[in-house]
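Remarks on the structure that follows.
Throughout, read-outs are computed from the coordinates displayed, never taken from laboratory work. Every value quoted in this text rests on a predicted model; they were computed, and no experiment measured them. Note that we place each Cβ from the backbone using ideal geometry, even for glycine, and neighbour counts take in every protein chain shown.
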Amino acid sequence: MPMVSRHVAKAVTDLALSIDSRWRVGCVLLRKGRIVVRSTNVFGKTHPVQSRLAEQVGEPYRVSLHAELRALLRPDAVLCDTLVVGRVNRRGELCMARPCPVCQLAIAESDIKRVYYSTDSGDWKLLEFTTGHKI
């Protein structure tokens, strides 16, 4: 079973709870186990990279800036090796936060080696690519 430390899990869920949206998603990037970048979803905003990736995966309507991509766009994301993303419901319980195809492509183009995401069962799961990406 993949290990996401309590400290990292709390940071992700606190980020997710900090936004008032239907999709409460938080994301952290780690470098050697230390949190370097923190991010949340941003609705109503996009980025040229988001548009390019959405077009590449055939989903040009995906224009909200997701927490994963927003984190990866930060300059301090360079050399980070792990991404942890989580979503919570209004009660603060973990929900499914598996990265969408756009975010998976962004991750595949980065230096990230491991990706963990929250599940509906309250656990963290390691993302495994089946399309031949480097992760």
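The table below gives the values:
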{"read-out": "Gain on full stretching of the segment that runs from R31 to D111 - 0.36 nm per residue minus C-alpha separation", "value": "27.7 nm"}
{"read-out": "Net lengthening on full extension, K10/N89 (0.36 nm per residue, minus Cα-Cα)", "value": "27.0 nm"}
{"read-out": "Karplus 3J(HN,Hα) series, Hz, for the range 3-10 with 6.51 cos²θ - 1.76 cosθ + 1.60 (x for Gly, Pro)", "value": "9, 10, 4, 4, 4, 5, 4, 5"}
{"read-out": "Relative exposure of S121, S51, judged by other C-beta atoms within 10 Å (fewest first)", "value": "S121, S51"}
{"read-out": "Ratio Rg/Rh [Cα only; Rh per Kirkwood] for the chain", "value": "0.93"}
{"read-out": "Burial ordering of H47, H66, fewest other beta-carbon atoms within 10 Å first", "value": "H47, H66"}
